[in-house]
1. Take the range 123-164 and flag every residue that is surrounded by 21 or more Cβ atoms within 10 Å (Cβ to Cβ), assigned to a loop (DSSP other than H, G, I, E, B) and either of a type in the set (S, T, N, Q) or over 20 Å from the mean Cα position of the chain (by Cα) (or both).
2. Counting just the residues of the range 378-397 that are more than 11 Å from the chain's Cα centre (by Cα) and outside any loop (DSSP other than H, G, I, E, B), which one comes out nearest to Gln357 (Cα to Cα)?
3. Taking the range 97-122, which residues are modelled with pLDDT under 95, within 18 Å of the chain's Cα centre (by Cα) and of a type outside the set (A, V, I, L, M)?
4. So is Glu155 charged (D, E, K, R), in the same structural domain as Tyr70 (by TED's automatic domain parsing) and at pLDDT below 95 or not?
5. Would you please name the residue that is modelled with the highest pLDDT, looking only at residues in the range 289-325 that are over 21 Å from the mean Cα position of the chain (by Cα) and outside any strand (DSSP E or B)?
6. Going by the conditions given, is Arg277 touching a residue at least 60 places away in the same chain (Cβ under 8 Å) and not assigned by TED's automatic domain parsing to the domain that holds Leu372?
7. Of the conditions (1) assigned by TED's automatic domain parsing to the domain that holds Arg159; (2) of a type in the set (Val, Ile, Thr); (3) more than 30 Å from Lys175 (Cβ to Cβ), Thr265 satisfies every one except a single condition; which number is it?
8. What number of residues in the range 159-198 are without any contact (Cβ under 8 Å) to a residue 40 or more places away in the chain and hydrophobic (A, V, I, L, M, F, W, C)?
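The values are calculated or read from the model by the stated rules, or taken from the named source; none is laboratory data. Because the structure is predicted, anything quoted here is derived from the model rather than measured. Cβ sites come from the backbone with ideal geometry, for glycine too, and all protein chains shown count toward neighbours.
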Amino acid sequence: MKMKSLAVAIAIVALPATSVFAAALDRSGQSISAFLQPGNYAEIGVSSLHPTVEGKDRSGNAISDIGESYTFGSAAIKVQATDKLSVGMIYDEPFGARATYRGNNNFTANGSTGTSGNTSSDLKTRNITTLFGYEPVDNFKVYGGLAYQEIEKAEVDLRGTAYSVYNGYSSSGEKDSAFGWVAGMAYEIPEIALKASLTYRSEIEHNASTQESLQIGNLLTAVNSGLGQVNAGLAQVNAGLAQLAALPDTDPRKAGLLAQQQSLTATRTGLATQQARLTALNAIAPSSLERASEVTTPQSVNLDFQTGVMADTVAFANLRWVEWSGFAIRPALFGAVATAASPATNGFNLVDYTDDQWSANVGVGRKLNNTLAGNVSVGWDSGAGNPVTTLGPTEGYWNVGLGLRYSPAPQVELSGGVKYFWLGDATAKVSSGTEVADFEENHALAVGLKLGYRF
């Protein structure tokens, strides 16, 4: 097989699920490889991720698997209009999150504090990128276009004592769409199967109407009830101590009551502090609010490279950078309460990240026979900081992948692949920065299928 045709074969082997698990909210990896295929080309693919994310809260309670499996699709078409001009369209689902806490831990509520349910998050986006390419000289192409992005779903529920006054907070954003832009360049040397491309994607700013609710009133009612019970208990203890006033403190009966008095007094002080805080917040925070929330998905850069290394063999590498350090979500009601609760720091965000994401994937592809080609790869992701949000408590990963491509006819290519992820250990924090749980030794499995057609 010539190197030129080998480059085509191995490129299509690449697992459709190359980035279904990555730092922060990154999912698809936003590849434009289909647009750089020679001639006219179309593809459709599906990827599925099955994560296992378990840990323990800071009270020692077990947190069973919070990872939710999910499946998403991709599609692309590219037309070589002339020798110099090409046009294409790519569909993917670039950002997302799904997690649900279960069991008896600090991230679930059983109603004892006036609220019930489980902490969960569900985010889904769609993106359609339209690209136009121009080849000013042989083997060099510049390209650019518009990216239309839709936030289809954005839901968060915070439950459990880990979230303090936010126990019972919920938000749900309506669908919103916005535009960004894409630009890049590509170079190839067909004789040695060398291809390289550099692609930039702009950030995209959304302003979605968001419905929020916060059950501070319910929490206050529960605290008032608890404070009343503690005061009643303390009154009984004090009455008992009055009857034993003549006895020395070392008397077993009196010593026991004194210990109870000390414990109840400390509990009352804590509840009184909570009562004062909740009363102040309840006075300024409505139980529900609907207002536009700004969410800006980050800018990114993808660098892709491959080259022939020997007969029937190609080496490839992909590098991706995403600016998650500038990403933040702060809905109006959440932000107002956060600012009131922590005025010295001007509040805090519902979700944010401290670091940018770097990820890499390297591997080797080889022609096995006239209809089969395969590849093996190793991947790494830096994560987006640690400690990290409780809604996605992992820090990067390592993975290994296997891919296979079958061509029953010259124009048809069926690709499949699998990747196994070792997820990085992470410390989970709530929005205020308090560390509340640890997640270790977790993993994920991704599978993908893709059908390509040349016309």
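1. Scanning the range 123-164 gives a single hit, Gly160.
2. Asp381
3. Matches in the range 97-122: Arg98 only.
4. no
5. Taking the range 289-325 first, the residues over 21 Å from the mean Cα position of the chain (by Cα) are 289-292, 303-317.
Subset that is outside any strand (DSSP E or B): 311-312.
On the way: Ala311: 88, Asp312: 91.
Among those that are over 21 Å from the mean Cα position of the chain (by Cα) and outside any strand (DSSP E or B), it is Asp312.
6. yes
7. Checking Thr265 against (1) assigned by TED's automatic domain parsing to the domain that holds Arg159; (2) of a type in the set (Val, Ile, Thr); (3) more than 30 Å from Lys175 (Cβ to Cβ), the one that fails is (1).
8. 3
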